[in-house]
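First comes the structure, then the notes that go with it.
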Amino acid sequence: MRNALLVPTDFSENAWTALNYAVHLAERFQWNIQVLHVYQSFGNILASAEFNDAVSLHSHDEAEKQMADLNEKIKKHFPDASISTACMAGSLNDVIQEMILNSPIQFIVMGTKGASGLKHVALGSNTYEVIQHSPIGVLAVPDTYQQFKLQKLGLLTNFKPVELELLSEFTQRTSTSFDLALLHVSEGNAFPSQEDVLFWQDQILKTFELNQVTYHSKEMVNRLDVSEPITKCVDQLIDEEEIDLLLVSFTRKSFFRRLFSRSLPKALAHHMKVPTYFSALEK
């Protein structure tokens, strides 16, 4: 059985953008694609069994109709891609967890969307929830993304061993034929020494057969007359170094409490520069 990408869909344009990205990624590494729509069948404990059965049937029929339309669109735009589709009832996270256990899924690829009343939800509610709970990496694709390119990776670094695990996880599933830019944001004049930077670059070069490894940093400024939060610094680094895909490792507790409580969720939800790969590797 060939390796696969799992692409959850809600039939939105954002989900279609993610599928476009997944098709190009799968073509590059000869993977299959599994497109999944998960719907919930709402019932009322005070209603009759006949009523609840009718509601459930309507949810199923509507999901299948939308998936049939999507299949026609897939055949038109990607006639040569190996894509299977499925509609399943239940909880999105539960269904994904079960599929991961039973299929050789490499990544989950999902689209992002701007806030439509979801001011405090990063990446759109479904993508945010999957990132929080997924046992494998989630690749979030910005809704404005258009042309596939994957040559230069950016790795947010604080010089921690878990970052090597993240890089290993990604390159073992794809390739080491990438350029890698280490991206570091300094706070409060806490700059790493040149010796530490050179040691870290050397460690990565010895561990991975990458094309090249470079280091780039910015200082986060927080003054009354200047405001450069961490997200703005990261965006600048991405632009300056022409990053194609950003790698981010996190702990489920610290990352979502500390970073997502600051300005990062809004930046990711509305201004994500490039596809971003999230993986929870620290326990």
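The values are calculated or read from the model by the stated rules, or taken from the named source; none is laboratory data. As the structure is a computational prediction, the values presented were derived from the model and not from experiment. FYI the Cβ positions are ideal-geometry reconstructions off the backbone, even for glycines, and counts take in every protein chain you see. The accessibility values were calculated without ligands, DNA or RNA, using every heavy atom of the protein model including side chains. Shrake-Rupley method; radii C 1.70, N 1.55, O 1.52, S 1.80 Å.
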| request: With the checklist (1) at pLDDT 95 or above; (2) open to solvent by less than 20 Å² (accessible area, probe 1.4 Å) in hand, flag the one item Gly111 doesn't pass. | output: (1)
| note | Per the filter on segment 189-204, residues touching a strand residue (DSSP E or B) at 6+ places or on another chain (Cβ under 8 Å) and open to solvent by 30 Å² or more (accessible area, probe 1.4 Å) are Asn189, Phe191, Pro192, Gln201
| said: Gln172 - would you say it is within 22 Å of Trp31 (Cβ to Cβ) and open to solvent by 70 Å² or more (accessible area, probe 1.4 Å)? | reply: yes
| said: Taking the criterion of being touching an Asp or Glu at 6+ places or on another chain (Cβ under 9 Å), assigned to a loop (DSSP other than H, G, I, E, B), under 27 Å from His24 (Cβ atoms) and at pLDDT 90 or above, would at least one residue in segment 82-96 satisfy it? | reply: no
| task | Consider Ser41 carefully, then state whether it is touching a strand residue (DSSP E or B) at 6+ places or on another chain (Cβ under 7 Å) and modelled with pLDDT under 95. | result | yes
| Checklist (1) open to solvent by 10 Å² or more (accessible area, probe 1.4 Å); (2) under 22 Å from Gln236 (Cβ atoms) applied to Thr157, failing item | (1)
| task | Might you let me know whether segment 207-214 holds any residue that is surrounded by fewer than 13 Cβ atoms within 10 Å (Cβ to Cβ), under 30 Å from Gly111 (Cβ atoms) and without any contact (Cβ under 8 Å) to a residue 12 or more places away in the chain? | result | no
